[in-house]
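Below you'll find the structure, written out as structure tokens, and then a few comments.
Every number in this text was worked out from the coordinates using simple rules, so none of it is lab data. Just so we're clear, the structure is a prediction, and the values are computed from it rather than from any experiment. We place every Cβ from the backbone using ideal geometry, glycine too, and count neighbours over all the protein chains shown.
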Amino acid sequence: ILNVEQSPQSLHVQEGDSTNFTCSFPSSNFYALHWYRWETAKSPEALFVMTLNGDEKKKGRISATLNTKEGYSYLYIKGSQPEDSATYLCALDRQSGNTGKLIFGQGTTLQVKP
Amino acid sequence: NAGVTQTPKFRILKIGQSMTLQCTQDMNHNYMYWYRQDPGMGLKLIYYSVGAGITDKGEVPNGYNVSRSTTEDFPLRLELAAPSQTSVYFCASTYGQGPYNEQFFGPGTRLTVL
């Protein structure tokens, strides 16, 4: 069974705190790793897509790193703001038959208190 | 572009009833997907399509059917609704070429089966 695991499941931080969460995945047949941001009552939106070992991507205060050899990715948020409150999903693309299918983790729900 | 649109937004069904969830995208994407989201479980793939006339099962296809007669539309059919199908359903699409295939999600359909 192929599992994409995210930890922690939920996180509560104060405004201004920096935080990070983990996505773990099987390293075999790796093609790409996606991160999505999912606000309550909205639909998931892509943050990053990473393909290369050692890749690092940044968008404002949010950044992500990728280690394909050991099978993990970290998402960092610097100086969390209440508007960062959302569920963050990672998803693995194993290029199974060129279908674009993704295997999603269960998500990390972040709550930032003002 | 409207992106990915889904109708209806909400629906309550009685056990045994049938319905079709509509999904349309105007981005000329080849690949389309149906997911269901259950609490604490992330997104599970129901069915997917890599082009008009081509569909295939995902991880949790039982109780559902799909068709893809055009590039734009990918309806999901529930034939005999069961309480286990109470969930939020998301449709997504992507162009499909190369590894940087972020998926674009619709706003979701919240379905309750009583």
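Based on Cα coordinates alone, diagonalise the gyration tensor for chain A, multiply each eigenvalue by 5, take square roots, and list the semi-axes in whole Å, largest first.
Here the semi-axes work out to 24, 14, 12 Å.
Given q = 0.14, 0.20 Å⁻¹, what are the Debye log10 I(q)/I(0) values for chain B, with equal point scatterers placed on the Cα positions and solvent ignored?
Values, matching the q order: -0.51, -1.04.
Averaged across the residues of A:99-110, what count of C-beta atoms belonging to other chains lies within 10 Å of each residue's C-beta?
Mean shielding count: 6.
Can you run phi through the Karplus equation (6.51, -1.76, 1.60; θ = phi - 60°) for segment A:41-48 and list ³J(HN,Hα) in whole Hz, with x for Gly and Pro?
Using θ = phi - 60°, the values come out as 6, 10, 10, x, 10, 5, 9, 9 Hz.
Note down the nm distance, to one decimal, between modelled labels 7 Å out along Cα→Cβ at residue A:81 and at residue B:69.
Once both label points are built, they end up 4.7 nm from each other.
If each residue's Cβ is checked for other Cβ atoms within 10 Å, how do B:109, B:7, B:55 rank with the fewest at the top?
Least crowded to most crowded, the residues run B:7, B:55, B:109.
Given the C-alpha atoms of the protein assembly as shown, compute the convex hull and give its volume per residue in Å³.
122
Using +1 on the beta carbon of Lys and Arg, -1 on that of Asp and Glu, and nothing else charged, what's the dipole of segment B:1-99 about the Cα centre, debye to 20? Walk me through the numbers before you get to the answer.
On the way: 8 positive and 7 negative charges, 57 e Å.
Charge dipole of segment B:1-99: 280 debye, to the nearest 20.
Principal axis extents for segment A:47-114, Cα atoms only, whole Å, descending order, please.
46, 23, 19
What ranking do B:47-53, B:60-66, A:7-13 get when scored by the average of other Cβ atoms within 10 Å per residue, highest first? Each step should come with its number before you reach the end.
Working: B:47-53: 18.0, B:60-66: 15.9, A:7-13: 13.3.
Peptide ranking by packing, descending: B:47-53, B:60-66, A:7-13.
Using the crude model of +1 on Lys and Arg Cβ and -1 on Asp and Glu Cβ, and no other charge, please compute the dipole size for chain A relative to its Cα centre, in debye to 20.
With only Lys, Arg, Asp and Glu charged at Cβ, the dipole is about 160 debye.
Report the gain in length on full extension from residue A:29 to residue A:7: 0.36 nm times residue separation, minus Cα-Cα distance, nm rounded to one decimal.
5.7 nm
Taking R0 as 41 Å, what's the FRET efficiency between residue B:100 and residue B:57 from their Cβ-Cβ distance, rounded to 0.05?
Rounded to the nearest 0.05, the efficiency is 0.95.
Using a ≥ b ≥ c from the Cα gyration tensor of segment B:35-79 (square roots of the eigenvalues), is it rounded, prolate or oblate, where a/c under 1.5 gives rounded and otherwise the larger of a/b and b/c decides, a/b for prolate?
Here segment B:35-79 falls in the prolate category.
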